[in-house]
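The values are calculated or read from the model by the stated rules, or taken from the named source; none is laboratory data. Every value quoted in this text rests on a predicted model; they were computed, and no experiment measured them. All Cβ positions, even for glycine, are placed from backbone atoms using ideal geometry, and neighbour counts span all protein chains on display. Note: accessible area is taken over every heavy atom of the protein model, side chains too, but ligands, DNA and RNA are not part of it. Shrake-Rupley method; radii C 1.70, N 1.55, O 1.52, S 1.80 Å.
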Amino acid sequence: MEWILLVIGFLLLIKGADFFVDGASSIAEKLHISPMVVGLTIVAFGTSAPEAVVSIIAALEGNGDMVLGNIIGSNIINITLLLGITALVSTLIIDRQTSTRELPYSLIAAGLLLILMSDAILFSSATNVVSRVDGIILLVGIVLFIFYILIKTKRSKHLKEESSTDDSKNMSWLKSIVLFVIGLIGIVLGGEMVVSNASSIAISLGMSQALVGLTIVAIGTSLPELVTSITAALKGEASMAIGNIVGSNIFNIFFVTGLTATIEPLNVSGDFIIDGWILIAATVLLLVLALWRKKLTKIEGVILLVFYLVYLTYIILRG
């Protein structure tokens, strides 16, 4: 039964992402908002919903390892595996603002998370804990990001109104909203089904909670981003694909980790400090590629995939 539910979850994810991208891109056109802004906000928030659900449940059950493994693992997977696969499907052009603003903000988020969970190293504490105060600090980060996006949205809307006068999407408001909502429900429900059943299968095979969090749960909760990004790229919405992944990483750290830690403080295993550094390295790699190449082609896709395979080998050997 777990295997059957796993397959059903994958199907819901795939079809949900298809509806979600169609609805989101249509709404963006009608509001004269760029797909990049939609990807950084609505799509990123929607595809981060599985991480939020899984993390809050794990925190309430006292499993901080699952929470941090889910967040850090998901963000590494988003940058390397997801962008790598998406770049193999379609070349992704990275605009200047993403390279100089959103990606550096994502790097700041990763660095801040590493600092907040390094109590033993920085303050000689007996344990590493992401406390409620730390959670509130992270939530302030997402408030600042949303404020920045609101300013960007106004500028984007103004520019689009100047350059375009038509609603290019031949889809009614009702259909756009219905597709968006149904797609989001499919993504969240499908993601939850994939994560819960894959985790049960993995744990029954003897995997540790930390390893399950960094691999099965992280990949499972990243499936919405993967399917949404590939679907967006195939539909010619490459900027939405980039915005989705960068925005999702920012939401995962500032919103999901912040909210979860505010609800229930998170005890952190020492191994996750290394994973935090690896997340920073992956973010720096993407930032360098964005500034140097200004696009992700198949070559960059392979580089990102190799980075993930090396990381995956490391965490499996670590256990």
Note: among A59, A52, just one is open to solvent by 10 Å² or more (accessible area, probe 1.4 Å), in a helix (DSSP H, G or I), of a type outside the set (F, W, Y) and more than 18 Å from A233 (Cα to Cα), namely A52
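If you check L13 against the conditions, is it surrounded by 24 or more Cβ atoms within 10 Å (Cβ to Cβ), touching a Gly at 6+ places or on another chain (Cβ under 8 Å), of a type outside the set (G, A, S) and at negative phi?
Numbers: surrounded by 24 or more Cβ atoms within 10 Å (Cβ to Cβ): yes; touching a Gly at 6+ places or on another chain (Cβ under 8 Å): yes; of a type outside the set (G, A, S): yes; at negative phi: yes.
Considered against the rule, which asks whether it is surrounded by 24 or more Cβ atoms within 10 Å (Cβ to Cβ), touching a Gly at 6+ places or on another chain (Cβ under 8 Å), of a type outside the set (G, A, S) and at negative phi, L13 comes out as yes.
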Considering only the range 56-89, state which residues are of a type in the set (G, A, S) and in contact with a Leu (Cβ under 8 Å, 6 or more places away or on another chain).
A59, G64, G69, G73, G84, A87
Identify the residue in the range 102-126 that is in contact with a helix residue (DSSP H, G or I) (Cβ under 7 Å, 6 or more places away or on another chain) and polar (S, T, N, Q) and, among all such residues, is surrounded by the fewest Cβ atoms within 10 Å (Cβ to Cβ).
S125
The range 92-104 residues that are closer than 12 Å to L289 by Cα, paired with ones that are assigned to a loop (DSSP other than H, G, I, E, B) and polar (S, T, N, Q) (beta carbon under 9 Å, 6 or more apart)
L92/T297
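Consider G243 carefully, then state whether it is open to solvent by less than 10 Å² (accessible area, probe 1.4 Å), in contact with a helix residue (DSSP H, G or I) (Cβ under 8 Å, 6 or more places away or on another chain) and within 16 Å of S90 (Cα to Cα).
Values: open to solvent by less than 10 Å² (accessible area, probe 1.4 Å): yes; in contact with a helix residue (DSSP H, G or I) (Cβ under 8 Å, 6 or more places away or on another chain): yes; within 16 Å of S90 (Cα to Cα): yes.
It is true that G243 is open to solvent by less than 10 Å² (accessible area, probe 1.4 Å), in contact with a helix residue (DSSP H, G or I) (Cβ under 8 Å, 6 or more places away or on another chain) and within 16 Å of S90 (Cα to Cα).
Inspect the range 223-232 for any residue being open to solvent by 10 Å² or more (accessible area, probe 1.4 Å), touching a residue at least 40 places away in the same chain (Cβ under 8 Å) and either of a type in the set (F, W, Y) or outside any helix (DSSP H, G or I) (or both) and give the result as yes or no. Outline the logic, then answer.
Of all residues in the range 223-232, those open to solvent by 10 Å² or more (accessible area, probe 1.4 Å) come to 223, 226-227, 230-231.
Within this subset, residues satisfying the condition of being touching a residue at least 40 places away in the same chain (Cβ under 8 Å) are 223, 226-227, 230-231.
Of the ones still in play, those that are also either of a type in the set (F, W, Y) or outside any helix (DSSP H, G or I) (or both) are none.
No, there is no match, as no residue in the range 223-232 is open to solvent by 10 Å² or more (accessible area, probe 1.4 Å), touching a residue at least 40 places away in the same chain (Cβ under 8 Å) and either of a type in the set (F, W, Y) or outside any helix (DSSP H, G or I) (or both).
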Hey, any hits in the range 287-295 for a residue that's closer than 24 Å to A238 by Cα, more than 18 Å from the chain's Cα centre (by Cα) and in a strand (DSSP E or B)?
yes
Give N267, N170, N197, N252 a once-over and let me know the one that is outside any helix (DSSP H, G or I) and at pLDDT 75 or above.
N267
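Condition test on I27, is it of a type in the set (A, V, I, L, M, F, W, C), in a helix (DSSP H, G or I) and modelled with pLDDT of 75 or more?
On the way: of a type in the set (A, V, I, L, M, F, W, C): yes; in a helix (DSSP H, G or I): yes; modelled with pLDDT of 75 or more: yes.
The answer is yes for I27.
Would you call L309 surrounded by fewer than 21 Cβ atoms within 10 Å (Cβ to Cβ), over 19 Å from S99 (Cβ atoms) and either without any contact (Cβ under 8 Å) to a residue 12 or more places away in the chain or in contact with a His (Cβ under 6 Å, 6 or more places away or on another chain) (or both)?
On the way: surrounded by fewer than 21 Cβ atoms within 10 Å (Cβ to Cβ): yes; over 19 Å from S99 (Cβ atoms): yes; either without any contact (Cβ under 8 Å) to a residue 12 or more places away in the chain or in contact with a His (Cβ under 6 Å, 6 or more places away or on another chain) (or both): yes.
Yes, satisfied.
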Output for the range 6-24, where each listed residue is touching an Asp or Glu at 6+ places or on another chain (Cβ under 8 Å) and modelled with pLDDT of 75 or more:
G9
Enumerate the pairs (first residue in the range 165-176 and open to solvent by 100 Å² or more (accessible area, probe 1.4 Å); second residue anywhere and modelled with pLDDT under 85 and not aliphatic (A, V, I, L, M)) with beta-carbon separation below 7 Å, excluding pairs fewer than 6 apart on the same chain, so at least 6 apart or on different chains.
W173/K30
Filter the range 76-92 down to the residues that are more than 14 Å from L223 (Cα to Cα) and open to solvent by 10 Å² or more (accessible area, probe 1.4 Å), then identify the one that is modelled with the highest pLDDT.
L88
Within the range 90-145, tally of residues that are farther than 22 Å from S248 by Cβ and not small (G, A, S):
9
S99 vs. criteria surrounded by fewer than 24 Cβ atoms within 10 Å (Cβ to Cβ), of a type in the set (S, T, N, Q) and part of a helix (DSSP H, G or I)
yes
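Determine if the range 172-194 includes at least one residue that is under 26 Å from Y314 (Cβ atoms) and over 12 Å from the mean Cα position of the chain (by Cα). Walk me through how you get there before you give the answer.
Filtering the range 172-194 for residues under 26 Å from Y314 (Cβ atoms) gives 191, 194.
From the residues that got through so far, the ones that are over 12 Å from the mean Cα position of the chain (by Cα) too are 191, 194.
Within the range 172-194, one or more residues are under 26 Å from Y314 (Cβ atoms) and over 12 Å from the mean Cα position of the chain (by Cα).
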